[in-house]
Amino acid sequence: MRLLEVDPDLGGLLNGPRRAEAERELVVRVHRLGAGAWDVTRLEGAGADHVGLLLLEGVVSREVIVADNVSAELLGPGDLVRPWQPASKTGLLPVDVVWSVLSPVSIAVLDRRFAAELAGWPEVTAALFDRLSERSLRLATTQAISQLTRVDRRLLALFWHLAERWGRVSGDGVVVPLALTHRILGQLVGARRPTVSTALGELAERAELSRRVDGSWVLRGSPPDPSALDRRRVSAVRGNDLMRPVRGLERELDELDRDFAAADDRSGLAG
């Protein structure tokens with residue numbers, strides 16, 4: 001199957017004849033998985049030179065387990081995953097990972113052969129790196145949400161966050177078509193299932209969030225105001241509160257900017 005036909009956004013930096021050529025050359029195998037536990041041990045033979053698996057449709061959860069605490073991540077179309085990677089390379093902290101298919105998925109296999117072909121298409125490589133960066137940002141956002149006070153505020157923020165990616169506007173409000181259980185919601189916001197159930201009841205009473213018969217969720221009203229979510233504005237956090245300043249860092253960043261500019265000049269991208 002042609003990669004840029006099933007995921008056209010990966011060719012966003014290509015145009016004209018070059019895109020047409022990439023559409024012909026970048027061909028991948030596509031597999032489908034039904035809902036349920038995903039036994040990724042069958043993928044342990046995948047080499048480090050495989051790019052990964054690209055989700056084309058459906059929803060997958062990755063649960064990271066430390067002691068009796070579980071943190072979940074939701075993955076969907078456009079996400080690049082490498083489930084054969086070990087949870088911990090050093091073994092200093094016992095960490096387990098469990099993968100589950102929440103709704104039937106289609107996966108493009110970006111294997112060693114694809115990696116060799118990809119070398120001729122740096123624009124597609126850059127698009128894949130963008131996907132990894134976006135995933136990292138979503139993870140950091142979910143982590144920040146899990147630190148909000150009161151579970152009802154966490155859940156409301158989480159669903160608006162999910163709506164940015166999966167939501168669609170309807171006559172009732174913004175529908176988030178994800179059949180998420182109270183258990184996995186607790187793993188996403190850092191709370192126990194009974195506490196989540198109570199908070200969801202409060203949100204339903206306030207007509208801010210409700211669950212439909214098909215398992216999807218409906219948000220009503222407007223997204224929460226940032227000032228209402230936290231006790232102090234992010235702009236009030238100074239750099240020194242996060243880490244000690246590093247001597248010479250500004251000079252090193254200037255040098256990095258010059259290196260990027262020189263690389264653009266050589267490739268003809270500048271101007």
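Just so it is clear, none of the values below were taken in a lab; they were calculated from the coordinates. Nothing here was measured: the structure is a model prediction, and the numbers come from that model. Here Cβ is always computed from backbone atoms with ideal geometry, including for glycine, and neighbour counts include all displayed protein chains.
Distance from the C-alpha centroid of the range 94-108 to that of the range 161-228: 22 Å, rounded to the whole angstrom.
What's the whole-number percent of alpha carbon pairs in the range 42-152 lying beyond 20 angstrom? When all Cα pairs of the range 42-152 are counted, 51 percent exceed 20 Å. Counting 0.36 nm for each residue step from ALA262 to ALA119 and taking away their Cα separation leaves a gain of 49.3 nm. With K and R counted +1 and D and E -1, the other residues having a Cβ less than 10 Å from that of LEU155 yield a net charge of 0. In this Cβ point-charge picture (+1 for Lys and Arg, -1 for Asp and Glu), the range 3-143 has a dipole of about 160 debye about its Cα centre.
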